[in-house]
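Just so it is clear, none of the values below were taken in a lab; they were calculated from the coordinates. If you're wondering where the values come from, they're calculated on a predicted model, not measured in any experiment. Here Cβ is always computed from backbone atoms with ideal geometry, including for glycine, and neighbour counts include all displayed protein chains.
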Amino acid sequence: MSVLQCIAVDDEPLALGLVCAFINKTPFLNLAAKYSSAVEALEAIHDLSVDLIFLDIQMPDLTGIELARIIEKSGNQGPRIIFTTAFNQFALDGFRVDALDYLLKPFNYEEFLKAATKGKAYVDLVQRAANGSAPEMREDYLFLKVEYQLVRIAYDDILYVEGLKDYVKVILKSDTKPILSLTSLKALEEKLPPAKFMRVHRSFIVNLDKIGAVTRNTIQIGTVTIPVSDQYKENFSQFLSKWM
C-alpha cells in the first residue's frame, strides 16, 4: 500500500493535535510535519516531499486560502489540500482553489477518513497518469472533478458540454440533471478525444456521435439546437464533408 506524506497546519493546538492523531491512526497516511502557522508551512513545503496538506483556513499572517493559492500558482505537481475549518462560508473559496475536500469542525474520524480516502484516490490517479496508465487515458471515459470528488463519466454518455463563467455543464444521456465541474471549457477540451468531440462555439463542445441534424450554422442534439460560430466553422465543415 502506498503511503501519502502529509502535513497538518492549524493555529489552534487542540485542533492541530486532533488532526495529527487522525493522520497517525490512518495506515495510508504518514505525518511528515505539523505547523501552527501557514507561514511556517510555506517555508517548509519546498523542502519536503508532501502529497497532502490538512489546512486550517482562518489563521493570522497568512490564511489557508492564501497559502493554497500560492501552492496552486507554483504548478500542478504541488501537494493537494483538504481544508479544516469551523466556518462553512469558506466552502466555495476552498472549491475555487481546487481543494480536494472540506472538513467542517468539529469532525470525527469517520469524516476525516472519508476525506483522506479521497485524497489517496486522487494521488493514486495522478501517479498512474505519470506512469501512462491513468483511467482518463482510456478510450471510453474520463474522470471529472465534481464538488469534492472525482466522478467517472463515459464518453458515450456525454451529449454536449456548455461552458459557463467558472464552470462547465456536462449534459448526459443517462441523467436529466447536468453535471457541473469547476474547470474551463478549454481544459476539458484538451481531455476529450478529438475523434469523438468537437468545439463548435466558444461555449459549446459536442459529441459528434450524438448529432441528429445540422445546418450551416447549427447542430441539433435531441431537442437542443447548438450554434456553430464562425471561429469553428471551418473545422465543422470538414467534419460535415464526411457526411456528404
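Can I get the semi-axes of the chain's equivalent ellipsoid? Compute them from the C-alpha gyration tensor as square roots of 5 times the eigenvalues, in angstrom, largest first.
Ellipsoid half-lengths, sorted descending, are 41, 17, 16 Å.
Can you give the % of DSSP beta bridges in the chain that are antiparallel, to the nearest 5?
Rounded to the nearest five, the antiparallel share is 60 percent.
Given the stretch 135-241, report the % of alpha carbon pairs whose separation exceeds 20 Å.
34 percent
What's the ranking of 214-221, 234-241 by average number of surrounding C-beta atoms within 10 Å, highest first?
214-221, 234-241
With axes computed from alpha carbons, what is the tilt in degrees of helix 230-241 against the longest principal axis of the chain, rounded to the nearest 10 within 0 to 90?
60 degrees
Please tell me the relative contact order of the chain in percent, rounded to the nearest whole number, where contacts are Cα pairs under 8 Å and at least six residues apart.
10 percent
For the chain, what is the calculated [θ] at 222 nm in deg cm²/dmol (nearest 500), taking -39500 (n - 2.57) for each run of four or more DSSP H residues and dividing by its residue count?
-9500 deg cm²/dmol, from helical runs alone.
Once both labels are modelled 7 Å past Cα along the beta-carbon direction, what's the ASP140-THR218 spacing in nm?
Placing both labels 7 Å along Cα→Cβ, they lie 3.5 nm apart.
Filter LYS120/LYS173; LYS118/LYS177; LYS73/LYS169; LYS165/LYS191 down to the pairs with a C-alpha to C-alpha distance above 21 Å, please.
Beyond 21 Å between Cα atoms: LYS120/LYS173; LYS118/LYS177; LYS73/LYS169.
When a/c is below 1.5 the answer is rounded, else prolate if a/b is larger than b/c, else oblate, so apply that to the stretch 4-130 with a ≥ b ≥ c taken from the square roots of the Cα gyration tensor eigenvalues.
Rounded, since a/c falls under 1.5.
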